[in-house]
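Notes for the one structure printed next.
What follows draws every value from the coordinates through simple rules; no lab data is involved. Source: prediction; values computed, not measured. When we count neighbours, we look across all protein chains shown, and the Cβ atoms used for this are built from the backbone with ideal geometry, even at glycine.
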Amino acid sequence: MTVVTADSETIQLASERLRAGQLVAFPTETVYGLGADATNPHAVAQIFAAKNRPQFNPLIIHVPDLASALQHGEFNDDARRLAEQFWPGALTLVVPLMPQSDIADLVTSGLDSIAIRVPDHSLARSLLRSTGRPLAAPSANRSGTVSPTLAEHVAQDLADAAPLILDGGATRLGIESTIIGTLKGRTSILRPGAIPRQDLESALGRQITAFTSGSDRPSSPGQMQSHYAPNAALRLHARETQLGEALLAFGPSPPAHDGPVINLSQSGDLVEAAANLFSALRQLDTTNCTAIAVMPIPSSGLGEAINDRLRRAAAPRRWAPF
Ligand code: TXA
Ligand code: MG
């Protein structure tokens, strides 16, 4: 395991490794990603192995700009408008795959669509520029666990895979990108995330429906029920705590509590809460608590994504297939 502070020399080294088919973990503005050259099937296969991820779960590619994205995906009016307004940024667009794209099939799991994002993080952008390849990068955690917002989280989770880890400190937003699909003439939210629904709706001038699942094969497996799960059980909408529990608080007046407490945001700021969420879950998970009691969190703005992750973290576990 090598965690290195990112400077121009280590970015150079990281690019060489990526071009040689090795994995490099790097920070983005949302969470740390585990990157591989998206055009190299062997490199991409290593991501699945390192994450212990089911192979039918497709990956997001990261590119430096919209022009590069247009080489891989077909952008309709909605996709183009959203890309122009929110890229670089925490928005992933799932668009039809261009037949002439050189992205490895394993990235899309053989689907005829592709998830693309232009990250807004100077280190990620330098890495993309100096590598000169699109990078497939899921969150750099073992499949089904909480996404990493610090280089240390990546080192803990992926110790066996031993990728080079570029350390860029704590990620600014702390929650994954919002995923919007523009497929078959329908624009829908596949995963709530760091860009609130309202911002996307005002860019398009209309409401965006949530994707409703129903088919056997999830079109965005981030929609799986149990996902983003810490080891401890979560008890949601808690207004007081029970003996032995840890408390994940929100706002200025948490209930009195004897055990471990982390407040996501004392001032009740949802942006601050999103940034602290995964790291707080990881910390409380180390306290030997019987469960993590989570105070109610409003569902406006980033609250939609926060509550989505909390619901999944609280859902009954299905470890086996992951
Ligand atoms: O903020 C983020 O999005 C982070 C950083 C590293 O960029 N990445 C991330 O990747 O969260 P990951 O792999 O953990 O989640 C990607 C989600 C998965 O739920 C996957 O199923 C979905 O994107 N996805 C990828 N390709 C898709 C496609 N063609 N159709 C539908 N969903 C897709
Ligand atoms: Mg993930």
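For the pair Asp65 and Leu204, the difference between a 0.36 nm per residue extended length and the Cα-Cα distance amounts to 48.0 nm.
Take every DSSP beta bridge whose two residues both sit in region 73-203; close to 70 percent of them are antiparallel. Ordered by the count of other Cβ atoms within 10 Å of each Cβ, fewest first, Phe26, Phe250 give Phe250, Phe26. Evaluating 6.51 cos²θ - 1.76 cosθ + 1.60 at θ = phi - 60° for every residue in region 243-248, the Karplus couplings come out as 4, x, 7, 9, 10, 9 Hz, glycine and proline recorded as x. Take every DSSP beta bridge whose two residues both sit in the chain; close to 45 percent of them are antiparallel.
Judged by the ratio a/c of the largest to the smallest principal axis of the C-alpha gyration tensor, region 95-188 counts as prolate, that ratio being 1.5 or greater while a/b is larger than b/c.
For region 29-49, the residues whose amide N sits under 16 Å from a probe point set 7 Å from the Cα of Asp105 along the beta carbon direction are 39-45. Each residue of region 295-308 was assigned a 3J(HN,Hα) from its phi angle through the Karplus expression (A = 6.51, B = -1.76, C = 1.60, θ = phi - 60°), giving 5, x, 10, x, 9, 7, x, 5, x, 4, 5, 4, 5, 4 Hz with x at Gly and Pro. Computed packing ranks the peptides 12-21, 276-285 as 276-285, 12-21, most packed first, by mean other Cβ atoms within 10 Å.
Applying 0.36 nm per residue to the separation of His257 and Ala20 and subtracting their alpha-carbon distance, the gain on full extension is 80.1 nm.
Normalised by residue count, the chain yields a Cα convex hull volume of 126 Å³ per residue.
Phi angles of region 181-198 translate, via the Karplus equation with coefficients 6.51, -1.76, 1.60 and θ = phi - 60°, into HN-Hα couplings of x, 10, 10, 6, x, 10, 9, 9, 7, 8, 8, x, x, 5, 9, x, 3, 4 Hz per residue; Gly and Pro are given as x. Any chance you could run the full-extension gain for Arg129 through Asp269? It's 0.36 nm times the residue separation minus the Cα-Cα distance, nm to one decimal. Working it through step by step, the gained length comes to 47.0 nm. For His237 and Gln156, a Förster radius of 25 Å and the Cβ-Cβ distance give a FRET efficiency of 0.30, rounded to the nearest 0.05.
Our summary gives the chain a relative contact order of 20 percent, counting only alpha carbon pairs under 8 angstrom and 6 or more residues apart. Ordering Ala249, Tyr32, Ile103 by Cα displacement along the dipole of the chain toward the positive end leaves Ile103 in first place; charges were set at the Cβ atoms of Lys, Arg (+1) and Asp, Glu (-1). Packing, as the average of other Cβ atoms within 10 Å across residues, places the peptides 305-314, 161-170 in the order 305-314, 161-170, highest first.
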